[in-house]
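Handing you this structure, nothing more for now.
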Amino acid sequence: MIFFESELCTNFAESTSDEWLETNGIGGFASSTISGANTRRYHGLLIAATKPPLGRLILLSKFEETLTIDGKSFNLSANQYPDSIYPEGYKYLKNFRLEPFPIWTFEVEGIEIEKSVFMIHGENATVIQYRIKKEGEKGEKEEREKSESGIWNLESGIKLDLKPLLAFRDYHHLRHEEADFNAGFEASENQVSIQPYAEMPGLFFSHNAGEIEKTGYWYRDFVYKIERERGFDFTEDLFQPFSLKFDLSETAVVIASTESQEFSKAAKFEKTEIKRREKLIKTAGANDDFTKQLVLAADQFIVKRGEGKTVIAGYHWFSDWGRDTMIALPGLTLATNRAEIAKDILLEFSNHISQGMIPNRFPDASETPEYNNVDGTLWYFEAVRAFVEKTEDYEFVRENLYEKLVEIIFWHLKGTRYNIHVDTDGLLCAGEAGTQLTWMDAKAGETVFTPRIGKPVEIQALWYNALCVMADFAERFGDKDGKNQYAQMAQIARQSFNRSFWNETEECLFDVVENGQRDFSVRPNQIFAVSLKNSMLDRVRARKVVEKVEAELLTPFGLRSLSPKNE
């Protein structure tokens, strides 16, 4: 269990630097900081994936939370404005923990109030609950088993006022007050719905509040610290339509969702989600707390795409990228004993192969995948190889993937997008002016910072590995001609690589070779020529590469992208 004590929680700088994340398995998420103050445009309680796993919209940003005890009010929320932090609810935090989802414990006037947030898996829905902890309570898990209904018969006279702050925007953008925002809402017993824009989904609040009060105010000039640090616009206005008023003699429940829900099912949703996560841990065979957290974190990146699965390249703003998906697949799925998920991912990406390439990424604003990379497709071969190494399910590959892998090799020999083609020396060329096809793909306007046009070192390592994988598959599947072809291509590539890429002076590998020119930059890309299953280097050269990378690139935080000697 991840646990933060009061000392950190009540330090605004510290608790605002620590973020939490909940995901729903279809690309949506909820996220903010421990303090409760949003610091990114991507923070919110409900970021819905309207076209899973993309089409993300921030509908509900947060709640303003006010506790009333014996007529005295205490604000539990926190916001950063241009000249102030208000309210300062973080000062009441006793602790924060992940058990298994985010749980805050506030202590006010000697009374402990617990807040929890989780998402319903497979739905754009976030469950937010508040309850008073009973004196001498043994533990959340034990008490949950005693009271599935979530009702705590406590004559407290303690009230809670929740004021939702709405954004209703694309998650890359910011909301500012405007007249076109439809502030009207519909309220019925235990549900409120609002839809400010016809082109966006409605937002449903299923709740057990005793009273709903119409408000209708704009809260202006929220400051998002991280956006300011990144050099982007960083202020936002949010609309506050109504107030939900609860009596905390029972657990206060709100389910914010794009579909109508029943608040009475909150305890059932919670139990189901806890069991789902416990099953993930059991399947992975995780025994210690750290490994358990890794398993649950891995699950957050696996999402649905169509009838299959894919991998979100990173939260908060990335979509699913081919390169990232294939690199991460062994760790996210095979190491956690979820081979069926790996199979779904491989199948789903096979459906999007075009001209011998898997998509580089699926953009937010378009239904058309982008194919502007050279290495993602080669990592696909490695992901397939890792899958069969783990499962020995060669029949799945033979029936579903082998012909498509053959097609990929064909297109690379023939030549495909962005001048990607096999040269006469058997090595793989890629790139043209204005393109950035490797993982070093930073670009501003028309300026490509690291173009690496020609024959990048890791691309050759991946190409050779792919050829060896294909030679193995061809032999297993009785494709004698294919086996001979791929093995011969691999041998030619190996000889050419060792002849062209070895830097005798530095005893390492050149980064890029192009038309007889060699890039002497010492970069981490060369390590793949050692680390992949099939390597073109002998043991002596492989060891020298590792020693070079260790000497000039290794830091406590990982590998530098360029040796200090080359800067």
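The values are calculated or read from the model by the stated rules, or taken from the named source; none is laboratory data. In this text the structure is predicted, and so the values were computed from the model without any measurement. Cβ coordinates were reconstructed from backbone atoms using ideal geometry, including for glycine residues, and neighbour counts include every protein chain displayed. The area values use the complete protein model at the heavy-atom level, side chains included, leaving out ligands, DNA and RNA. Shrake-Rupley method; radii C 1.70, N 1.55, O 1.52, S 1.80 Å.
On the given criteria, is Q293 in contact (Cβ under 8 Å) with a residue 40 or more places away in the chain, within 14 Å of the chain's Cα centre (by Cα) and open to solvent by 20 Å² or more (accessible area, probe 1.4 Å)?
no
Is one or more of the residues making up the stretch 57-70 among the small types (G, A, S), modelled with pLDDT of 95 or more and open to solvent by 50 Å² or more (accessible area, probe 1.4 Å)?
no
What do you reckon, is E114 open to solvent by 30 Å² or more (accessible area, probe 1.4 Å) and in contact (Cβ under 8 Å) with a residue 24 or more places away in the chain? If you could, list the steps in order and put the result at the bottom.
Details: open to solvent by 30 Å² or more (accessible area, probe 1.4 Å): no; in contact (Cβ under 8 Å) with a residue 24 or more places away in the chain: yes.
For E114, the condition - open to solvent by 30 Å² or more (accessible area, probe 1.4 Å) and in contact (Cβ under 8 Å) with a residue 24 or more places away in the chain - is not met.
Restricting to the stretch 472-500, and then to whatever is under 18 Å from A386 (Cα atoms) and among the hydrophobic types (A, V, I, L, M, F, W, C), can you tell me which residue is most open to solvent (accessible area, probe 1.4 Å)? Walk me through it before giving the result.
If we filter the stretch 472-500 for residues that are under 18 Å from A386 (Cα atoms), which is where we start, we get 472-477.
Pick out the ones that are also among the hydrophobic types (A, V, I, L, M, F, W, C) and you get 473-474, 477.
Working: F473: 3, A474: 0, F477: 46 Å².
Checked the stretch 472-500; the qualifying residue most open to solvent (accessible area, probe 1.4 Å) is F477.
Using the structure shown, decide if L67 is within 25 Å of F168 (Cα to Cα), in a strand (DSSP E or B) and not polar (S, T, N, Q).
Here the answer is no, as L67 does not meet what is asked.
Could you list all residues from the stretch 164-185 that are closer than 14 Å to E199 by Cα, open to solvent by less than 40 Å² (accessible area, probe 1.4 Å) and assigned to a loop (DSSP other than H, G, I, E, B)?
If the condition is that a residue be closer than 14 Å to E199 by Cα, open to solvent by less than 40 Å² (accessible area, probe 1.4 Å) and assigned to a loop (DSSP other than H, G, I, E, B), then F181 is the only one that fits.
Go through the stretch 68-92 and give me each residue that's of a type outside the set (S, T, Y) and touching a strand residue (DSSP E or B) at 6+ places or on another chain (Cβ under 7 Å).
Those that are of a type outside the set (S, T, Y) and touching a strand residue (DSSP E or B) at 6+ places or on another chain (Cβ under 7 Å): I69, F74, N75, L76, A78, N79, Q80, P82, I85, P87, E88, G89.
Of all the helices (runs of 4 or more DSSP H) wholly in the stretch 459-567, which have at least 1 residues that are modelled with pLDDT of 95 or more, of a type in the set (A, V, I, L, M, F, W, C) and within 26 Å of N400 (Cβ to Cβ)?
The helices (runs of 4 or more DSSP H) meeting that bar are 480-501.
Of everything in the stretch 412-458, what is over 15 Å from V513 (Cβ atoms) and among the basic types (K, R)? Give them in sequence order.
Of everything in the stretch 412-458, those that are over 15 Å from V513 (Cβ atoms) and among the basic types (K, R) turn out to be K414, R417, K443.
With the condition kept exactly as written, say whether any residue in the stretch 459-471 is touching a residue at least 40 places away in the same chain (Cβ under 8 Å) and surrounded by fewer than 19 Cβ atoms within 10 Å (Cβ to Cβ). I'd like the intermediate steps shown before the answer.
Restricting attention to the stretch 459-471, the residues satisfying the condition of being touching a residue at least 40 places away in the same chain (Cβ under 8 Å) are 459-470.
Now narrow it down to the ones that are surrounded by fewer than 19 Cβ atoms within 10 Å (Cβ to Cβ): none.
No; the residues of the stretch 459-471 include none that is touching a residue at least 40 places away in the same chain (Cβ under 8 Å) and surrounded by fewer than 19 Cβ atoms within 10 Å (Cβ to Cβ).
Additional query: Please count how many residues of the stretch 186-203 are open to solvent by 60 Å² or more (accessible area, probe 1.4 Å) and not in a strand (DSSP E or B).
So the count comes out to 4.
Would you mind finding the one in Y81, Y86, Y42 that is under 24 Å from F222 (Cα atoms), surrounded by fewer than 18 Cβ atoms within 10 Å (Cβ to Cβ), aromatic (F, W, Y) and touching a residue at least 24 places away in the same chain (Cβ under 8 Å)? Write out each step before concluding.
Details: Y86 fails: touching a residue at least 24 places away in the same chain (Cβ under 8 Å); Y42 fails: surrounded by fewer than 18 Cβ atoms within 10 Å (Cβ to Cβ).
On inspection, the qualifying residue turns out to be Y81.
For the subset of the stretch 381-427 comprising residues that are part of a helix (DSSP H, G or I) and of a type in the set (G, A, S), which member is nearest to P456 (Cα to Cα)?
Looking at the filtered set, the residue picked out is A383.
Counting only residues that are at pLDDT 95 or above and within 19 Å of Q300 (Cβ to Cβ), give me the strands (runs of 3 or more DSSP E) lying completely in the stretch 1-51 with at least 2 of them.
Details: elements: 2-5, 19-23, 29-33, 44-51.
In the stretch 1-51, 19-23, 29-33, 44-51 are the strands (runs of 3 or more DSSP E) which contain 2 or more residues that are at pLDDT 95 or above and within 19 Å of Q300 (Cβ to Cβ).
Working carefully through the options Y394, Y418, find the one that is more than 30 Å from A286 (Cβ to Cβ), at pLDDT 95 or above and either among the β-branched types (V, I, T) or open to solvent by 10 Å² or more (accessible area, probe 1.4 Å) (or both).
Of Y394, Y418, the one residue that is more than 30 Å from A286 (Cβ to Cβ), at pLDDT 95 or above and either among the β-branched types (V, I, T) or open to solvent by 10 Å² or more (accessible area, probe 1.4 Å) (or both) is Y418.
Which of the residues belonging to the stretch 70-99 are small (G, A, S) and part of a helix (DSSP H, G or I)?
Step one: filter the stretch 70-99 for residues small (G, A, S), giving 71, 73, 77-78, 84, 89.
Within the stretch 70-99, G89 is the sole residue that qualifies.
Considering the stretch 141-163 alone, what residues qualify as being closer than 28 Å to K72 by Cα and either modelled with pLDDT of 50 or more or exposed (fewer than 15 other Cβ atoms within 10 Å of the Cβ) (or both)?
I151, N153, E155, S156, G157, I158, K159, L160, D161, L162, K163
Just to check your reading of the model, which residue among A286, A252 is more than 24 Å from N337 (Cα to Cα) and modelled with pLDDT of 95 or more?
Being more than 24 Å from N337 (Cα to Cα) and modelled with pLDDT of 95 or more holds for just one of A286, A252, which is A252.
Further question: On the basis of being open to solvent by 10 Å² or more (accessible area, probe 1.4 Å), within 29 Å of D221 (Cβ to Cβ) and of a type in the set (D, E, K, R), does K51 make the cut?
Numbers: open to solvent by 10 Å² or more (accessible area, probe 1.4 Å): yes; within 29 Å of D221 (Cβ to Cβ): no; of a type in the set (D, E, K, R): yes.
Spelling it out, it is not the case that K51 is open to solvent by 10 Å² or more (accessible area, probe 1.4 Å), within 29 Å of D221 (Cβ to Cβ) and of a type in the set (D, E, K, R).
Considering only residues of the stretch 352-373 that are under 14 Å from T416 (Cβ atoms) and of a type in the set (G, A, S), which is least open to solvent (accessible area, probe 1.4 Å)?
Checked the stretch 352-373; the qualifying residue least open to solvent (accessible area, probe 1.4 Å) is G356.
Does the stretch 460-474 contain any residue that is more than 20 Å from N360 (Cα to Cα) and not hydrophobic (A, V, I, L, M, F, W, C)?
Yes: the stretch 460-474 contains one or more residues that are more than 20 Å from N360 (Cα to Cα) and not hydrophobic (A, V, I, L, M, F, W, C).
I'd like to verify a number: residues in the stretch 538-552 that are over 17 Å from F497 (Cα atoms) and hydrophobic (A, V, I, L, M, F, W, C), how many?
Here is the first cut: in the stretch 538-552, the residues over 17 Å from F497 (Cα atoms) are 546-552.
Checking which are hydrophobic (A, V, I, L, M, F, W, C) leaves us with 546, 549, 551.
Within the stretch 538-552, residues that are over 17 Å from F497 (Cα atoms) and hydrophobic (A, V, I, L, M, F, W, C) number 3.
Would you check if T105 is part of a strand (DSSP E or B) and open to solvent by 10 Å² or more (accessible area, probe 1.4 Å)? Walk me through how you get there before you give the answer.
Details: part of a strand (DSSP E or B): yes; open to solvent by 10 Å² or more (accessible area, probe 1.4 Å): no.
For T105, the condition - part of a strand (DSSP E or B) and open to solvent by 10 Å² or more (accessible area, probe 1.4 Å) - is not met.
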